[in-house]
Amino acid sequence: MNALSKLCLLSALSLPVFAQDPPQPPAPKEKEKAEAPKVLQLGQRVNGDTTLFDLDGKPQKAHDLLGTITVVNFYSIQCPIQRDWDRRLADIQKEFESKGVTFLHIDSNVTEIGEEPPKVEGDAKPYAKVREHLKAQDLPFRVLADHGNKVADLFDAKTTPHIYVFGKNGKLVYKGLVDDDQKDRNAEGRNNYLRDVLGKLLADEKVEPFATKEQGCTIKRVGKGQGRGRGKDQGD
């Protein structure tokens, strides 16, 4: 066997070895392995098992709201921008609750409800400051406590107020502002987003999911180092 034949034979024998040992890609980093947290999108439903408790400890489960038009507002007793909309929001609630719409106000601010549910002794009622504020302002809001801002994170709620509207089928059809007139200076010319969406849903008109830019005080989340100041709060 000449030199050229030996070289061809050695090359042929070596091919399977390389074919069986292809280069391996680098192992993914731990951060890349972890799935991104799920955030509620327009047109989606909330997980039916999602449950919060109101100031009296009564549970509100998302599944129980199916079949009902529902308004969720991320709420604060300390935010001056929320207060600018409080009376109009209360009027809208009074008008549409009588037509079967459910209104829920979620407090996710660690500065207002604490990191964990408060321990109560005897006949004392928890969340005294929230109760006092609602009573003093004569507001009909049912407030749910979102300790650890889990629901705020799920909704990607950023401010107080931040409105979310769900149709009878449980799907999110609108999120954003109550209206575009924070200081109530243009009653005749403002866009009444919340009122208009509710009117259409009650009339069984199709509402294409949409959003407006939220405006309010930043939700004070656990571990974010945000105090009671307005920080990045936005308003007129």
Can you run down the residue pairs with Cβ atoms below 9 Å, 6 or more apart or on separate chains, where the first is in region 120-133 and of a type in the set (S, T, Y) and the partner is open to solvent by 50 Å² or more (accessible area, probe 1.4 Å) and in a loop (DSSP other than H, G, I, E, B)? Y127/P118
Hey, Q82 hits all of (1) at pLDDT 95 or above; (2) open to solvent by 50 Å² or more (accessible area, probe 1.4 Å); (3) touching a strand residue (DSSP E or B) at 6+ places or on another chain (Cβ under 6 Å) but one; which does it fall short on? (2)
Only one of (1) modelled with pLDDT of 90 or more; (2) hydrophobic (A, V, I, L, M, F, W, C); (3) in a loop (DSSP other than H, G, I, E, B); (4) open to solvent by 70 Å² or more (accessible area, probe 1.4 Å) fails for L42. Which number is that? (4)
Residue count, region 91-119 (criterion: under 15 Å from R142 (Cα atoms) and surrounded by 17 or more Cβ atoms within 10 Å (Cβ to Cβ)): 12
Residue identified as closer than 20 Å to T51 by Cα and surrounded by fewer than 21 Cβ atoms within 10 Å (Cβ to Cβ) among D138, D156: D156
Test each condition in (1) open to solvent by 20 Å² or more (accessible area, probe 1.4 Å); (2) closer than 20 Å to Q60 by Cα for G122 and report the one that comes out false. (2)
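The values are calculated or read from the model by the stated rules, or taken from the named source; none is laboratory data. Computed from a prediction, not measured in an experiment: that's the story for all the values here. Reconstructed Cβ throughout: ideal geometry from the backbone, glycine too, with neighbour counts over all protein chains shown. Each accessible area value is taken on the protein alone, full model and side chains, heavy atoms only, with ligands, DNA and RNA left out. Shrake-Rupley method; radii C 1.70, N 1.55, O 1.52, S 1.80 Å.
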